[in-house]
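Contents: one structure, followed by commentary.
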Amino acid sequence: MFSTTAIGIDLGTANTLVYTKNKGILLNEPSVISVNTTTNEVIAIGTEAKNMIGKTPANIQAIRPLRDGVIADFDMTTEMIKVIMQKVGKIIGGSIRKPSVIVCTPSGATSVERLAIKDAVKQCGAKEVFLIEEPVAAAIGADLPVSEPIASVIVDIGGGTTEVGIISFGGVVTSNTMKLGGDRMNDEIIHFARKEYSVLIGEHTAENIKKEIGYALIQHDKEFMEVRGRDIVTGLPKTITLNSEEIQGCLKESLLSILEVIRRTLESCPPELSGDIVDRGVVLTGGGSLLKGMPEWLSDELLVPVILAPSPLESVAIGTGRSLDTMNLLQKLNS
């Protein structure tokens, strides 16, 4: 007898995470797949494929099939999910037979985008596919009292999108999605290095710069970092030194946009729930929330407490998995 396995998938722009109730987070890999374009053969997914970005011969492409939190390349996403399911099967022991899968989607995803996600997972052998909105999943994963009539504000700054949701009584009272996240910040760092230093740097390097010397708009001691790239003028390798204040300056526009979308969501909150927000504050999840000084800066700007979720990178996946308990409720919501 095979029991139906229930798994939760956080199909993110930057990372894909898989969660099961018994074993917790089983898999956490970058949402990247590398393919041989001549034979259409999948060479690698996840970390292995991410390390190939910008370093492969012409016939091998490292592709990010998800953009802005939704599927940009359907076939490649399906291939990636298939390999992920096989990996999860090996970790659990034996292949997964007809699992029930819950996938989280951005709250701003259109019905066509939701259908694409459902179809991609179904093609990989799922028995049933349920969708859950990202803010709800993030709130469940951050241990917020989602099912009670108390306002919980969640800000999920992912790779492709920033989601802000006010959740009460198990549902989203008001939410906003913006197609801006960690990827946009990386692009701005690449653009800055090109414009100010005439040096081309890759995505991977830009991400490291953001992690090492990236700061939210707070006062801090200046930090420096050596970066290697290609000189646009000579075409030769070149080393430059960047400082944290420059990076802070080039991230300013993105950060102010994130602040604006949080403000907009709080402004449309029912007055009865506003009191809860003053007491309980705002909870940050997602990779973007790990930018240095993010909670302090947002707290100063919004005049309410801002805290990081216990495990910001995994909150959505954990919440997606935990919501497996409420399958029947999700079935009603999806019908």
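The values are calculated or read from the model by the stated rules, or taken from the named source; none is laboratory data. All figures in this text were calculated on a predicted structure; none of them were measured in a lab. Virtual Cβ from ideal backbone geometry, glycine too; neighbours counted across all protein chains shown. Areas reflect the complete protein model, heavy atoms only, side chains present, ligands, DNA and RNA absent. Shrake-Rupley method; radii C 1.70, N 1.55, O 1.52, S 1.80 Å.
A few comments on the model shown:
- So ILE277, is it under 25 Å from the mean Cα position of the chain (by Cα), open to solvent by less than 40 Å² (accessible area, probe 1.4 Å), modelled with pLDDT of 95 or more and not basic (Lys, Arg): no
- In region 191-218, the residue that is surrounded by the fewest Cβ atoms within 10 Å (Cβ to Cβ) out of those that are modelled with pLDDT of 95 or more and in a loop (DSSP other than H, G, I, E, B) is ILE218.
- For region 234-274, the set of residues classified as of a type in the set (A, V, I, L, M, F, W, C) and open to solvent by 20 Å² or more (accessible area, probe 1.4 Å) consists of LEU236, CYS250, LEU256, LEU266, LEU273, listed by residue number.
- Any hit, region 106-123, residues being open to solvent by 40 Å² or more (accessible area, probe 1.4 Å) and among the small types (Gly, Ala, Ser): yes
- In the condition set (1) farther than 30 Å from THR37 by Cβ; (2) not in a loop (DSSP other than H, G, I, E, B), ARG114 is compliant with all but (1).
- Within region 84-105, the set of residues being in a loop (DSSP other than H, G, I, E, B) and open to solvent by 20 Å² or more (accessible area, probe 1.4 Å) comprises GLY93, GLY94, SER95, ILE96, ARG97, LYS98.
- A count restricted to region 158-190 and to residues that are open to solvent by 30 Å² or more (accessible area, probe 1.4 Å), over 14 Å from PRO135 (Cβ atoms) and within 15 Å of the chain's Cα centre (by Cα) stands at 2.
Matching residues to (1) at pLDDT 90 or above; (2) assigned to a strand (DSSP E or B); (3) open to solvent by 30 Å² or more (accessible area, probe 1.4 Å):
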position: ASN28; (1), (2), (3): yes, yes, yes
position: SER34; (1), (2), (3): yes, yes, no
position: ALA44; (1), (2), (3): yes, yes, no
position: GLU48; (1), (2), (3): yes, no, yes
position: MET52; (1), (2), (3): no, no, yes
position: LYS55; (1), (2), (3): no, no, yes
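- Just one of the listed residues (ILE9, ILE81, ILE96, ILE92) is of a type in the set (A, V, I, L, M, F, W, C) and modelled with pLDDT of 90 or more, and it is ILE9.
- Within the option set ASP68, ASP10, ASP73, being open to solvent by 10 Å² or more (accessible area, probe 1.4 Å), in contact with a Cys (Cβ under 9 Å, 6 or more places away or on another chain) and among the acidic types (Asp, Glu) holds for one residue only, ASP10.
- Residues satisfying the stated conditions in region 128-187, i.e. closer than 30 Å to ILE209 by Cα and hydroxyl-bearing (Ser, Thr, Tyr): THR161, THR162, THR177
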